[in-house]
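Take a look at the structure below.
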Amino acid sequence: RIQRRNIQYRRDIDFFAPKLIAIFESLVPADEEIAKQKQLINSLNKLISREWPHARLHLYGSCANSFGVSNSDIDVCLSIDEKELGKAEILLKLADILEAGNLQNVQALTRARVPIVKMMDPETGLSCDICINNLLAVVNTKLLKDYAMIDPRLRQLAFIVKHWAKSRRVNETYQGTLSSYAYVIMCIHFLQNRRPAILPCLQAMEATYVVRVDNIDCAFFDDVDKLHAFGARNRESISRLLWAFFHYWAYQHDYTADVVSIRTGTLISKHSKDWTRRIGNDRHLICIEDPFETSHDLGRVVDKFTIKILREEFERAANILQYDPNPTVTLFEPY
Ligand code: CTP
Ligand code: MG
């Protein structure tokens with residue numbers, strides 16, 4: 001096993017918390033932007049229900065899970081029960097409906113890994129991607145949003161980590177690094193494992209929200225108003241948490257043995273999931289279990305080159321937070 005290094009915090013670590021909170025606040029979208037997104041979904045729903053009375057659009061991803069920065073594209077899922085048509089045909093028909101409704105740059109990408117229709121709404125200026133029947137994404141969006149309501153430090157940490165990952169170009173799945181979704185899961189897992197814990201494990205609690213999607217039972221406690229004081233016994237500042245997050249991924253995580261699992265709230269073993277070797281294109285060099293599709297390793301896109309890049313970036317971030325005189329600037333310097 002790798003050596004677990006325990007470094008002492010720099011003495012002035014808490015001094016940087018207000019600066020990090022200011023960065024977080026500068027990234028949060030304004031209320032008008034959220035209102036615009038809702039307005040767009042409403043008008044799209046009207047357009048689509050004329051053709052498909054039982055179909056419905058759902059927002060998912062960062063515009064709905066509360067981890068979205070301003071001006072991001074919006075992710076939309078069309079839920080439709082259409083036995084006659086295949087996915088590609090639904091997408092092509094959807095593209096026609098949108099074009100007739102005066103939306104711009106309408107493009108159906110029927111051969112993509114996740115087939116979508118792309119479009120731009122001239123009225124709001126928003127771009128959006130519409131996929132078909134990806135209801136698990138809608139459910140995991142709700143799970144992330146519910147976690148965010150328990151303790152404000154989750155959103156702060158995840159926004160800063162996402163901002164760091166985008167600045168350092170380690171948030172590009174097509175290049176072999178991690179998705180935003182994976183980073184948020186890493187943050188949730190980290191806060192579940194602070195002592196005292198800052199987040200509970202909602203999937204291990206009595207289920208108050210239960211749905212079955214694509215033959216997967218999704219169940220978790222979602223009455224999160226009851227949990228608003230959950231993390232109160234832990235008083236760690238955001239800068240201390242950010243420091244510890246990067247130290248964990250740089251120097252403490254056991255990449256050879258462990259899988260991050262927010263479903264269980266702890267680390268589980270690669271062995272128990274049979275994720276110890278490469279199978280097909282899944283290399284399992286950094287293992288992050290999807291909370292519902294438990295056979296999905298969100299780190300499967302990482303290969304032997306990009307794991308090195310990722311770990312070097314975790315070390316760089318940890319060292320900057322430990323030693324740099326101006327960590328809240330240096331951390332985000334473009335790659
Ligand atoms: N998703 C998923 N499984 C993945 C990746 C993504 O289910 N392996 C779903 C999740 O619901 C996620 C959404 O797709 O919220 C969008 O993913 P992603 O683009 O990674 O995250 P965003 O939160 O939209 O981040 P960004 O602000 O970078 O767009
Ligand atoms: Mg997105």
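Values as computed for the structure displayed
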| item | result |
| --- | --- |
| Filter result (out of contact with any Leu (no Cβ under 7 Å at 6 or more places or on another chain), within 16 Å of ligand 1 (Cβ to nearest atom) and of a type in the set (S, T, N, Q)) within segment 36-66 | Ser62, Ser66 |
| Residue check, Pro53 away from ligand 2 (no atom under 13 Å from the Cβ), over 30 Å from Asp151 (Cβ atoms), out of contact with any Ser or Thr (no Cβ under 6 Å at 6 or more places or on another chain) and in contact (Cβ under 8 Å) with a residue 12 or more places away in the chain | no |
| Where a residue in segment 127-141 is closer than 23 Å to Leu47 by Cα and its partner, wherever it lies, is basic (Lys, Arg), with Cβ under 7 Å and at least six apart | Asp129/Lys118; Ile132/Lys87 |
| Residue within segment 113-128 that is within 16 Å of ligand 1 (Cβ to nearest atom) and exposed (fewer than 15 other Cβ atoms within 10 Å of the Cβ) present | yes |
| Filter result for Ala95 (within 16 Å of ligand 2 (Cβ to nearest atom) and more than 28 Å from Arg155 (Cβ to Cβ)) | no |
| Sole residue being touching a Gly at 6+ places or on another chain (Cβ under 6 Å) and surrounded by fewer than 20 Cβ atoms within 10 Å (Cβ to Cβ), chosen from Ala197, Ala204 | Ala204 |
| Some residue of segment 159-174 being more than 9 Å from ligand 1 (Cβ to nearest atom), crowded, with 16+ Cβ neighbours inside 10 Å, farther than 30 Å from Ala219 by Cβ and over 16 Å from the mean Cα position of the chain (by Cα) | yes |
| Strands (runs of 3 or more DSSP E) wholly inside segment 153-267 that include at least 3 residues being of a type in the set (Phe, Trp, Tyr) and in contact (Cβ under 8 Å) with a residue 24 or more places away in the chain | none |
| Leading residue by the ranking (surrounded by the fewest Cβ atoms within 10 Å (Cβ to Cβ)) among those in segment 72-87 that are within 19 Å of Glu32 (Cβ to Cβ) and near ligand 1 (Cβ under 7 Å from one of its atoms) | Asp73 |
| Condition broken by Met119, with the remaining ones in (1) at pLDDT 95 or above; (2) under 20 Å from the mean Cα position of the chain (by Cα) satisfied | (2) |
| Count - residues of segment 290-335 that are crowded, with 16+ Cβ neighbours inside 10 Å, free of Cβ contacts under 8 Å to residues at least 40 places away in the same chain and under 21 Å from the mean Cα position of the chain (by Cα) | 2 |
| Val69 being near ligand 1 (Cβ under 10 Å from one of its atoms), touching a residue at least 24 places away in the same chain (Cβ under 8 Å) and in contact with a His (Cβ under 8 Å, 6 or more places away or on another chain) | yes |
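The values are calculated or read from the model by the stated rules, or taken from the named source; none is laboratory data. Only a predicted model underlies this, so the values are computations on that prediction, with no experimental measurement involved. Methodologically, a virtual Cβ is constructed for each residue, glycine included, from the backbone with ideal geometry; neighbour enumeration extends over all protein chains shown.
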